[in-house]
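The values are calculated or read from the model by the stated rules, or taken from the named source; none is laboratory data. Just so you know, these numbers come straight off a predicted model, no measurement behind them. In this analysis, Cβ positions are derived from the backbone assuming ideal geometry, glycine residues included, and neighbour counts consider all displayed protein chains. Each accessible area value is taken on the protein alone, full model and side chains, heavy atoms only, with ligands, DNA and RNA left out. Shrake-Rupley method; radii C 1.70, N 1.55, O 1.52, S 1.80 Å.
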Amino acid sequence: MKKVVRIILLVLLGVLIVGTFVFLWQKSRPKEAVYDVLTPSVQTIAKKTVATGKIEPRNEVEIKPQISGIIAQIYKEAGQKVAVGDVIALIKVIPEMSQLNSAEGRINVAKIELERVETQYKRDKALYEQKVLAREDYETSLANYQKAKEELQNANDNYEIIRDGISRRSGSYGNTQIRSTISGTILDIPVKVGNSVIQSNNFNDGTTIATIADMGDMIFEGKIDETEVGRIHEGMAIVLSIGALQDHKFDAELEYISPKGVEENGAVMFEMKAAAHIPDSIVVRSGYSANAEIILAQRNNVLTVPESSVAFENDSSFVYVLTSGDSEPQQFERRLVTVGLSDGINIEIVDGISDSVQVRGLQRIAQ
């Protein structure tokens, strides 16, 4: 009995050893390579480049005061539309005491002069009516009297402007009322009531009261690499993709390419601008990030194959055409082809094959 058990165990061990060697031998054998088979297709192929940038209004202006003071009132808010001449804010003038005293002194001098000239004028008028004074002398006296009255009025106006920033004669045209210089939308009002503001002059840009832009005329501002800038030109059609409006595409027209490049992170970039055509029904805000897709070249209704199925050697290109049909194993014939435009995925076949053949694609492992 023990002898039978020993024989069975030896037989099982032998079978296990033989099976192991058979399994390892089968695993070590090279498996047959099988390829995907593709049919050339007729389609439109385009070579594109993408420039990154943002959407900005073409005309954006900063409203600055022509007089220094303190913001007394703000009549508008960011996002509101304004027309030319609309009042945005009101400035309260804080006069300098030296200027105020000088203006008061000018008024007093003008009053004294007016009293003197008025007395002289009345005397000359009486003599002229009695035909004692010549007409020329009377007209000279009248002119001096009118000048003295005008000088007093000017002195009063100057005093009011220094004290209040506006005179009664100037009415609504005073510098204390900050008005819009263009029609558009208020993008920002960086000041608040109580803030001090500085007037715009030759030595200072002045404090910005508001930023206004025409949101109906938007442009794309971006940068393009030097390797692509030579292939584009003014007037080219562009398709804009805005990150905040992913469901929409917008047409644009390239209208400016900078003649000077700027180095950024080791690459030379050129500024470009394109006029964006945005429907009135879609709200686009200033500063949206966007990508501009520029078509550098395009071929319509041409024969194409995936670029991965084309083999390149030196200056020649080849494809492998299936010759075995549906039978196994697969057999391919190497054919020289002439290629054209490529978009990075598909490539144009100019000559060498037709759409009736099948070409070898990527390799896969036979199951």
Residue-ordered couplings for the range 229-246, obtained by feeding phi - 60° into the Karplus form 6.51 cos²θ - 1.76 cosθ + 1.60 and rounding to whole Hz (Gly and Pro as x), are 5, x, 9, 10, 7, 4, x, 5, 7, 9, 10, 9, 10, 9, x, 7, 10, 5
For the chain, the convex hull over Cα atoms projects on average to an area in nm² of 43.3 nm²
For the chain, the dipole about the Cα centre with charges only on Cβ (Lys and Arg +1, Asp and Glu -1), to the nearest 20 debye, works out at 1600 debye
Rg in Å to one decimal, and Dmax rounded to a whole Å, for the range 305-367 via C-alpha atoms
12.3, 36
Candidate lysines for bridging to Lys3, where Cα separation is under 23 Å - those fewer than 8 sequence places away on the same chain excluded:
none
The percentage of the accessible area of the range 213-367 (probe 1.4 Å, all protein chains present) made up of carbon and sulfur atoms, to the nearest whole number, is 44 percent
For the Cα atoms of the chain, what angle does the longest principal axis make with the long axis of helix 135-164, in degrees from 0 to 90, nearest 10?
40 degrees
Heads up, I need the accessible area for Met236: 1.4 angstrom probe, whole protein in place, Å², nearest 10.
20 Å²
Which of Leu322, Leu296, Leu16 moves most in a GNM of the chain, Cα contacts under 10 Å?
Leu16
Which of the chymotrypsin sites (Phe, Trp or Tyr not before Pro) across the range 203-308 are loop residues per DSSP, with 12 or fewer other Cβ within 10 Å?
Phe203
Which links in Lys122/Lys149; Lys54/Lys260; Lys76/Lys223; Lys54/Lys249 stretch past 26 Å when you go from one Cα to the other?
Lys76/Lys223
On a full-extension model of 0.36 nm per residue, what is the gain between Asp326 and Ala244, subtracting their alpha-carbon distance, rounded to one decimal in nm?
24.5 nm
Measuring with a 1.4 Å probe in the full set of protein chains, what accessible area per residue, in whole Å², belongs to the range 246-328?
62 Å²
Could you point to the residue in Phe203, Asn300, Ile347 farthest towards the positive end of the chain's charge dipole, with +1 and -1 charges on the Cβ of Lys/Arg and Asp/Glu respectively?
Ile347
Could you check the spin-label model distance between Arg231 and Ile198? Points 7 Å from the Cα along Cα→Cβ, value in nm.
4.9 nm
Rounded to 10°, Cα long-axis angle of helix 2-28 versus longest principal axis of the chain:
50 degrees
Once fully extended, how much extra length lies between Ala143 and Ser316, figured as 0.36 nm per residue of separation less the alpha-carbon to alpha-carbon distance?
52.3 nm
Looking only at GluC sites (Glu not before Pro) in DSSP loops with at most 16 other Cβ atoms within 10 Å, what is the longest site-free stretch of the chain?
97-233
Under 5 Å between amide H atoms, partner at least 5 residues away or on a different chain: which partners does Met215 have, H built in plane at 1.01 Å?
Thr185
Within the chain, which is the longest segment containing none of the trypsin sites (Lys or Arg not before Pro) that sit in a DSSP loop and have at most 12 other Cβ atoms within 10 Å?
193-367
Heavy-atom accessible area of the range 76-152 with neighbours in place, 1.4 angstrom probe: carbon+sulfur share in percent works out to 51 percent
